[in-house]
Every structure is written in structure tokens, then in C-alpha cells.
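Input: a single structure, listed below in C-alpha cells.
The values are calculated or read from the model by the stated rules, or taken from the named source; none is laboratory data. Since this is a predicted model, take the numbers as computed values, not measurements. Please note: Cβ atoms are built from the backbone with ideal geometry, for glycine as well, and neighbour counts cover all protein chains shown. Accessible surface is based on the protein model in full, side chains and every heavy atom, while ligands, DNA and RNA are left aside. Shrake-Rupley method; radii C 1.70, N 1.55, O 1.52, S 1.80 Å.
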Number of protein chains: 2
Amino acid sequence: MYGQNEDAFAIREIYDKALTEGDCYEWLHHLCKDIGPRLAGSPGAEAAVFSMKRLMDTLGFDTVYLQPCTVPRWDRGAPASGRIVNNAVVGTENLDVTALGNSVGTGPEGITAPIIEVFSLQEVEQLGRDGVAGKIVFFNRPMDPTQIQTFRAYGGAVDQRGSGHVIAAKFGARATLVRSMTTSLDDIPHTGAVAPSEDGFAIPALSVSTNGAEKLSRLLRQGEVRVHLQSNGRNLPPVQSFNVIGEVRGSEFPDEIVLVGGHLDSWDVGEGAHDDGAGIVHSLQVLPLWQKIGHKPKRTFRCVLFMNEENGLAGGRAYWAASNENKEFHLAALESDSGGFTPRGFSATGREDVFTDDYRKINEWLPLLEPYGLGFTSGGSGADISGLKSQGGLLIGFRPDSQRYFDFHHTKTDVFENVNKRELELGAASITSLLYLIDKYGLR
Amino acid sequence: MYGQNEDAFAIREIYDKALTEGDCYEWLHHLCKDIGPRLAGSPGAEAAVFSMKRLMDTLGFDTVYLQPCTVPRWDRGAPASGRIVNNAVVGTENLDVTALGNSVGTGPEGITAPIIEVFSLQEVEQLGRDGVAGKIVFFNRPMDPTQIQTFRAYGGAVDQRGSGHVIAAKFGARATLVRSMTTSLDDIPHTGAVAPSEDGFAIPALSVSTNGAEKLSRLLRQGEVRVHLQSNGRNLPPVQSFNVIGEVRGSEFPDEIVLVGGHLDSWDVGEGAHDDGAGIVHSLQVLPLWQKIGHKPKRTFRCVLFMNEENGLAGGRAYWAASNENKEFHLAALESDSGGFTPRGFSATGREDVFTDDYRKINEWLPLLEPYGLGFTSGGSGADISGLKSQGGLLIGFRPDSQRYFDFHHTKTDVFENVNKRELELGAASITSLLYLIDKYGLR
């Protein structure tokens with residue numbers, strides 16, 4: 001039905017070129033080492049926008065442009081500190097903590113209060129004001145280590161980080177301290193966003209390393225634990241930033257858009273290498289690989305580097321708003337935001353009335369992709385493209401191996417050195433191959 | 001046909017227990033940090049034999065015993081050194097080299113000679129004595145980076161290391177220098193075995209880092225390159241060592257043996273963490289996981305820690321000889337010797353007359369294993385079990401993701417810190433699950 005031999009050959013060539021002439025590893029080095037952390041609204045994010053624009057100008061797009069969006073501006077300030085104070089068992093001892101993104105600071109004096117350990121938001125509700133007021137609420141439900149897909153374990157625990165401070169504040173807590181989102185036991189606190197406070201009752205929110213969380217839990221079984229926390233987060237006035245977009249107009253079906261993207265912003269504590277430098281360079285690699293094998297897009301190809309995924313999604317929202325207003329149709333949109341590890345495949349989702357057909361088509365291509373270790377599952381794509389669902393196209397998430405992702409996610413260890421060159425290149429080749437098939441054959 | 005629900009539940013439990021109560025990561029820490037490198041015949045290998053015997057004594061085997069084997073004893077001596085000498089372009093400059101296992105030393109003065117670059121053994125034949133005599137032969141055919149399975153790329157290049165010195169010696173070369181077996185470009189030389197010289201015309205054999213190899217190749221394009229090499233390898237008299245074997249007699253089919261194993265020896269330059277500490281602790285983990293889910297072996301289960309896989313295979317040979325002499329039948333033998341990375345599945349091979357049936361049975365179990373990311377391919381198992389083929393059972397190789405393996409293989413970076421806890425535990429669970437099915441249902 002398809003030119004299977006021709007396509008098998010083209011895909012083999014995509015992998016060969018990615019593994020021998022790929023640029024993505026060097027681009028990632030530039031993003032991590034020359035630019036560094038890229039929290040929305042920061043100088044790093046601004047540098048990344050203009051540097052990536054300049055790079056895209058050299059890659060053969062018809063047009064490269066900046067799409068404005070207004071992003072929140074959060075500043076961590078000086079590093080947070082935490083310690084167990086005058087404890088009956090251990091005396092005074094440091095804790096490895098970090099301020100959570102969007103959170104307010106404690107003030108220079110910090111906060112000293114007894115902690116109470118809870119394992120869910122509901123538990124805080126049940127404790128109510130009597131149990132919570134004046135305390136530091138310590139959320140300690142671990143990510144479930146038995147989930148084979150670590151993102152599911154993350155999804156099952158991250159409400160504590162995202163919303164814990166809101167409910168704790170409602171009952172008069174002084175601060176929250178959240179167990180880091182990882183199944184590793186180590187000394188590294190993981191940052192990440194808390195939902196911005198909407199009613200003005202914001203309290204400081206910090207995370208503690210998993211080893212620190214285990215220690216607090218042990219000590220609480222033996223008696224009261226008082227903790228001192230000091231953090232310096234500030235929410236500054238929003239500023240303008242940009243998505244960076246490159247486009248090639250389709251030669252046959254210009255009104256069908258095929259999008260690939262990742263997010264250009266990152267947390268401020270590492271280099272955003274896996275999250276989401278990998279997704280950025282995966283996305284940038286697609287067009288050059290198509291060029292190397294002589295494939296010219298039949299459909300309009302768009303590479304979008306989204307801004308502010310981590311703490312606001314302003315870039316995604318701006319993109320969807322413009323796209324919907326212009327009555328665009330994204331036949332397929334693929335986001336890479338799960339790291340630069342060995343590819344395992346893709347997951348896909350879409351509007352119910354067309355999803356099954358799109359997905360069937362993709363499954364027909366499996367024999368071409370299985371030799372490269374790729375499979376398909378339904379469910380989940382990416383935050384930055386989620387708002388395109390109403391257009392009725394297929395939304396796809398790139399799914400690399402997830403076992404090591406939460407060793408690095410939102411920490412100081414998410415650096416270039418922890419990305420493997422071959423694994424990164426294989427990811428770029430996998431994405432390029434799938435989008436080659438979609439561009440060539442369409443979906444329905 | 002099978003109790004698929006019951007088995008799905010049992011396998012889920014195996015994974016849960018491996019990920020929450022597994023011991024393999026701690027055992028690997030012990031093997032790497034308390035014992036360290038374990039080249040056959042070395043004090044480390046001896047310590048490993050007795051330490052693993054003591055550990056196995058606690059794991060619930062019916063019998064644990066040592067099986068003697070006579071192993072070669074190679075000693076690296078002081079670290080090798082290499083340098084480019086008086087070169088017209090770069091002057092004198094150090095090279096990152098290491099002596100290859102089993103190789104003889106250069107003597108304390110070392111060897112200084114012009115190098116000639118070749119890309120195959122055949123090329124040495126073609127050059128003959130006129131081209132080769134008095135020279136250092138530099139084997140520089142890279143591992144093919146476009147192979148998705150890196151072991152295939154290794155297989156396509158390793159003849160240069162294994163046999164290059166034999167043919168070079170035949171034509172009067174003074175030494176060989178072999179490009180390291182990795183697709184990475186870095187400064188780390190990889191050791192590994194050369195075939196022992198059988199005719200007394202042994203010449204020194206060293207490897208050079210891939211960056212060093214690239215530099216030599218560039219310089220050779222500009223003119224003569226002379227290199228100085230100094231190495232100190234010595235082949236000492238063989239000594240006695242042991243395989244370590246634990247056995248549980250099967251309750252229903254005691255004459256059908258199900259074997260799991262890895263090799264206890266390692267190279268001397270790292271800690272043998274992936275190669276093959278991972279395989280050792282994978283193998284040790286099987287019986288404890290069966291115990292945790294209440295599975296008692298119907299067939300005779302044997303866990304074998306083989307000695308001397310790296311530079312002689314004496315342990316494997318001793319095991320096959322004894323097994324064949326006793327007319328044993330290994331229904332299935334599985335070796336883990338591809339590292340502690342995320343499991344991708346298994347490969348299997350066997351005697352032609354029964355392989356297809358065995359393999360068909362295994363394929364029926366795929367729906368139970370696919371949720372854990374496991375698949376099957378035919379072809380290849382493991383060196384230590386290869387001699388069991390004549391018994392007619394199925395030989396299986398555990399196949400984790402291979403992308404990072406040759407970053408560490410046979411180098412000083414093959415250390416505990418480069419093994420990920422979850423990836424290691426998932427490997428143990430995968431092997432335990434497959435062997436659970438084989439033990440429960442048999443193969444034919």
C-alpha cells in the first residue's frame with residue numbers, strides 16, 4: 001500500500017545521517033553551556049530566544065519569526081536553606097531544600113515551626129485549621145516506584161507540589177515542604193512550579209530531598225520536629241517573551257500543518273538539558289535531516305520552540321490562540337518533552353471523532369518503525385500542544401525510556417553531561433522518521 | 001491456555017518486589033566497592049568467589065558449591081604509556097593508551113617505531129612483510145555508529161583487537177595499537193582480550209582512545225608518524241579458580257535444568273559494574289524474588305557465576321564439560337552479560353531441531369511481558385552458556401538497551417556509579433519473570 005521499501009530505505013537513511021552527521025548534540029551543548037538556565041523572563045531565556053532564532057535562520061526554513069507572549073517572572077533570589085532545629089534525637093541538622101517555582105519567600109528571618117507530615121491534600125482538609133494552623137505542612141507521599149512508566153508515578157504525586165500550598169494556606173499553615181519528585185533516594189532537592197496564588201494568601205513552598213524527607217519522617221515517629229526554612233522567591237511583574245517559530249510552506253497541502261516542538265524555557269537550577277533542551281534540539285534536527293535525504297515537505301512544516309512551559313504555559317496559550325483565530329488546521333503536532341533518552345516510541349491522542357482513524361494509519365507504519373525499537377500507545381502528548389486538540393488533528397508525545405528522567409528532572413544535575421549523544425541522536429531520528437511518514441502520506 | 005491472569009499477577013508482583021525490596025543494587029555495591037576489579041586469577045577474583053559463595057549460602061539454595069577451573073593469569077603491571085614522538089606537526093604529545101589483556105609487555109625501554117594505519121586484518125596481509133616489518137600496526141576501523149544494536153557494531157570491529165597482533169607479528173611488526181571499541185569520541189582507552197599467542201611470536205598489543213586514534217589518523221595524512229609505546233603485561237602460570245554455583249532441586253522435573261548466570265570475573269581497569277557485575281546480581285536476584293511471590297521451582301534451578309569469561313572462558317568450559325559428562329539436560333540457560341540498562345527483551349538460540357518449538361512457546365508469553373517493554377529476537381545468547389547447545393535446550397541472552405554500553409565497556413568508567421538502580425532492578429525482574437514462566441510451563 002505504501003512504498004514500504006522506499007520508506008524503509010528513507011528511514012534507514014534518516015538514522016544513518018542522524019548518527020553520523022547530526023547536529024543536535026552540538027546544539028544542546030550550546031544551549032546548556034553557552035546559554036545555560038532559561039527560566040521564562042530571565043536573561044537566559046531571552047538569550048535563548050535570539051540565539052535559537054539566529055540558528056533557525058541558517059536551517060533552510062521559508063520563514064523564521066518570533067511570536068510574542070507575556071510571561072510571569074519569578075526570581076529565586078539567594079538559595080533557600082532549611083534545618084531541623086533543636087531536635088531531641090539529632091539536635092540541629094541541615095536539610096537539602098530548594099524553593100519551589102512561583103513561591104513567595106519567607107522573609108530574611110525565615111520561619112521556624114513544627115512540621116506535620118501528610119500524604120495527600122485530603123489529609124490537610126481533614127486536619128483542618130486545628131491541625132494545620134501555625135505549622136509547616138510536610139507532604140511526603142512518594143512517587144510510586146512500581147510504576148514502570150515513571151511519568152505515571154510523577155502524575156500520582158505531583159499534586160502535592162502543585163496545589164499543596166494552596167490548601168495548607170487556607171487552613172493557616174506557615175509554609176509547605178514537599179518531598180522531591182523522584183523515586184531515587186538522594187540529597188538533591190527538585191524544584192518545579194506551584195500554582196500561582198490567586199487570593200493573596202500565599203505561603204512559602206519548598207521541596208526537600210528524598211533523603212531529607214525520609215529523615216524527617218523517621219524523626220516524627222519519635223516526637224515533635226521543628227524546622228527552620230528560609231527562602232527568597234519573588235514574583236515580579238510579567239514581561240514580554242517569545243515563541244521561536246520556523247516554517248516551510250507545504251508544496252501540496254499547505255493548509256495541513258505538521259508541527260514539531262519542545263519548550264525553550266527551563267528551570268533555573270540546572271541547564272535544562274533533558275528538560276527540555278533535548279526536545280528543542282530534537283525539533284530543530286527534523287528539517288536538516290529531511291534535507292539530507294532529499295525530502296521536501298508536502299504539508300506545511302512548523303518547528304515551534306515554546307516559551308514558559310515550566311511555570312505558566314504562556315507560549316503554548318499564545319500559539320493556540322493565534323492558530324485558532326487564523327482557523328489553522330494542525331494535521332499532527334508532536335512534542336518532545338520527556339528527555340533525551342533512548343527512544344521507545346510515541347503516544348498519541350486526539351479528538352474522539354477522528355482519533356481512531358488517525359491512529360489506525362499510524363499503526364500501519366509500525367513495521368517500518370519497529371526495527372528501531374519504536375512502538376505506539378494511546379494517551380498523552382505534550383502541554384504546549386494540548387490546546388490544539390479542538391482542531392481535530394493528532395497530538396503526539398515522543399516517549400523515550402523514562403527510567404532515569406526523574407534522577408535529573410528540575411535539579412542541578414539536569415546538565416549536558418547527563419545526556420548521551422547516541423540516545424539524543426536516536427530520538428531526533430525517531431521523530432524525523434515518524435513525521436516523514438505523516439508528511440508524505442497524511443493521516444486520513 | 002495458561003493461567004494468564006494468575007501469571008500476569010505473579011509477574012506484576014515480581015516487578016513490585018524487585019523495585020521495592022530488591023537486593024541487587026546493594027549486592028552490586030558490595031561487588032564493586034568492597035571487592036573491586038576481578039580479573040581471573042587475581043586476588044579480587046578470589047575474594048569475589050568466596051564472598052559470593054557466602055552470599056549464596058544465605059539465599060535459600062539446596063546446595064551451593066564451587067566448581068574448579070584452571071584460569072590463565074595475566075598481569076597488567078604498571079600502566080602503559082604512549083606518545084607521538086618528534087612529529088613534524090605536533091612535536092611530542094601523549095596518547096591515551098592501555099595494554100590489551102593477555103598481551104606481552106614492551107620491556108622497560110619501550111618501543112619507538114613508525115606507525116602504519118590499516119582498517120582490516122586483510123590489509124595487513126596485503127601489505128605483507130615489506131609494508132609491516134619494523135612498524136607499529138595501527139588498526140583504526142571504527143565501530144559502525146549506524147548500527148542500532150551497538151553489540152553488532154562491536155562484532156564488526158573487534159577482530160582487530162582479538163587477532164590483529166597475530167597477523168601483524170607474522171609479518172614482523174613490532175607492536176599493534178588498536179582503536180578503542182566504542183562509538184564515543186573520548187580520551188578513555190578500552191582494554192579487552194587478545195587471543196593468546198600460540199607460536200611464541202607474541203608482540204605487544206595496546207589500545208588507544210578514539211580521540212587519540214583520530215589524531216593519529218589526521219597526522220598520518222600529513223606525513224610520517226612515529227610513536228613510542230611502553231607496556232608491562234605478563235602472562236603468569238595458570239592458577240586454580242572456581243565457578244560459584246547454587247542449586248535448588250526441581251519438585252516435579254528435577255532432570256530439567258533451568259540455568260541463570262553471568263560472569264564473576266571482570267577487567268582490571270574498572271569495577272566490572274556493567275560487565276558483568278550487573279549479570280551476577282541479576283542472576284542472584286532470581287531465587288529471592290521467586291521466594292517472595294511463593295514460587296517453588298518445578299525444575300532444577302541453577303544459578304551459575306562463571307569465572308574467566310573475559311580472557312579464557314575456563315569457567316564456561318569446565319561447566320559444559322562436567323554437565324555433558326553427567327548427561328545433564330539444560331531445558332533453558334539464560335546469561336546476562338550485556339549490562340544493567342533498561343530491559344528491552346531477550347534473544348534466543350538453540351539446536352535447530354528443537355529451537356522453533358521452544359521459541360514458539362516463548363512467543364505465546366509475549367502478552368505477559370510486553371507491558372514491561374520486553375520483546376524477543378532470535379540469535380545470540382552468552383559466551384558462558386554457548387557450550388550447552390548440544391544438549392538441545394534453549395539458550396537465551398538478556399538484552400537491555402545497548403546505547404550506553406560501549407561508553408563504559410572495559411574501561412575505568414565501568415563503575416557502580418554508572419549503573420542506575422531502577423534499570424538494574426528492572427533487569428532482574430525481567431529475567432525472573434521469563435524464567436518463572438519457563439519453570440512453570442516448560443518449553444515443549
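Brief remarks on what is shown
- For the stretch B:1-119, the pair-distance distribution built from all alpha carbon pairs, in bins 5 Å wide starting at 0, is 2, 7, 10, 12, 11, 10, 9, 9, 9, 7, 6, 4, 3, 1, 0 percent.
- Buried accessible area, chains A and B (both chains, 1.4 Å probe, Å² to nearest 100): 2000 Å²
- Stretching B:Y65 away from B:Q4 to a fully extended chain increases their span by 18.3 nm, per 0.36 nm per residue minus the current alpha-carbon distance.
- If R0 is 41 Å, the Cβ-Cβ spacing of B:L236 and B:N326 corresponds to a FRET efficiency of close to 0.80.
- Using alpha-carbon coordinates, inclination of helix A:159-170 to the longest axis of chain A, degrees: 40 degrees
- Across chain B, C-alpha contacts under 8 Å between residues 6 or more apart give a mean separation that, scaled by the residue count, equals a relative contact order of 22 percent.
- Counting, for every residue in B:420-433, the Cβ atoms of other protein chains within 10 Å of its Cβ and taking the mean gives 2.
- Taking the three principal axes of the alpha carbon atoms in chain B, the coordinate ranges are 73, 42, 41 Å, sorted in descending order.
- In the full protein context, the protein assembly as shown carries 37 Å² of accessible surface per residue, based on a 1.4 Å probe and ignoring ligands, DNA and RNA.
- The angle between the Cα long axis of helix A:121-132 and the longest principal axis of the Cα atoms of chain A comes to about 20 degrees, rounded to the nearest 10.
- Kirkwood Rh and Cα Rg combined as Rg over Rh, evaluated for the protein assembly as shown: 0.99
- In degrees, nearest ten, helix A:421-441 long axis to first principal axis of chain A (Cα): 50 degrees
- Efficiency of FRET from Cβ geometry, A:T146 and B:R317, R₀ 45 Å, rounded to 0.05: 0.65
- Calculated label separations, A:P237, copies of the chain, 7 Å along the beta-carbon direction, nm: 8.8
- Label separation (B:E352 vs B:D159): 2.3 nm, computed from points 7 Å beyond Cα along the C-beta direction.
- Proximity of backbone amide H atoms, modeled 1.01 Å from N, is registered between B:E271 and B:D414, B:V415 at under 5 Å, excluding neighbours fewer than 5 places apart on the same chain.
- Stokes-Einstein D in µm²/s, Kirkwood radius over Cα pairs - the stretch A:77-232 at 4 °C with 1.567 mPa s viscosity: 85 µm²/s
- Under Stokes-Einstein, with the Kirkwood radius over Cα pairs as Rh, the value for the stretch B:12-70 at 20 °C and 1.002 mPa s is 163 µm²/s.
- With Rh defined as the Kirkwood radius, the inverse of the mean 1/r over Cα pairs, the Rg/Rh of the stretch A:286-336 is 1.05.
- Copy-to-copy label distances for B:K440, where each label lies 7 Å from Cα along Cα-to-Cβ, are 4.3 nm in order of increasing length.
- Residues A:Y15, B:Y25, ordered by accessible area of protein heavy atoms at a 1.4 angstrom probe radius and largest first, appear as B:Y25, A:Y15.
- With both labels modelled 7 Å from their Cα along Cα-to-Cβ, the B:F201 to B:T112 distance reads 2.7 nm.
- Note that the stretch B:224-334 shows a convex hull volume over its alpha carbon atoms of 155 Å³ per residue.
- Per-atom-type breakdown for the stretch A:120-229 gives carbon and sulfur 49% of the accessible area (1.4 Å probe, protein chains only).
- Going by accessible surface with a 1.4 Å probe and the largest first, A:S402, B:S251 read B:S251, A:S402.
- Shown is the FRET efficiency for A:S386 and B:E26, computed with R0 = 35 Å from the Cβ-Cβ distance and rounded to the nearest 0.05: 0.25.
- Exposure ranking of B:V239, A:V248 by accessible area [1.4 Å probe, largest first]: B:V239, A:V248
- By average C-beta atoms within 10 angstrom, highest first, the peptides A:427-435, A:121-129: A:427-435, A:121-129
- As a size descriptor, the averaged projected area of the C-alpha convex hull of the stretch A:302-435 was calculated at 8.5 nm².
- DSSP-defined beta bridges in the stretch A:77-232 - what % are antiparallel, rounded to 5: 55 percent
- Shape analysis of the stretch A:189-270 yields a ratio of the Cα radius of gyration to the Kirkwood radius, Rg/Rh, of 1.20.
- Hits among lysines - C-alpha to C-alpha of B:K298 under 17 Å, sequence gap 8 or more where chains match: B:K440
- Where labels lie 7 Å past Cα in the beta-carbon direction, separation of A:Q222 and A:L185 in nm: 1.6 nm
- Only protein atoms count toward the accessible area here, which uses a 1.4 Å probe; on the stretch B:320-444, the carbon and sulfur part of that area reaches 51 percent.
- Anchor B:K361: aspartates and glutamates whose Cα lies under 12 Å away (excluding residues fewer than 8 positions away in-chain): none
- Copy-to-copy label distances for A:A47, where each label lies 7 Å from Cα along Cα-to-Cβ, are 4.6 nm in order of increasing length.
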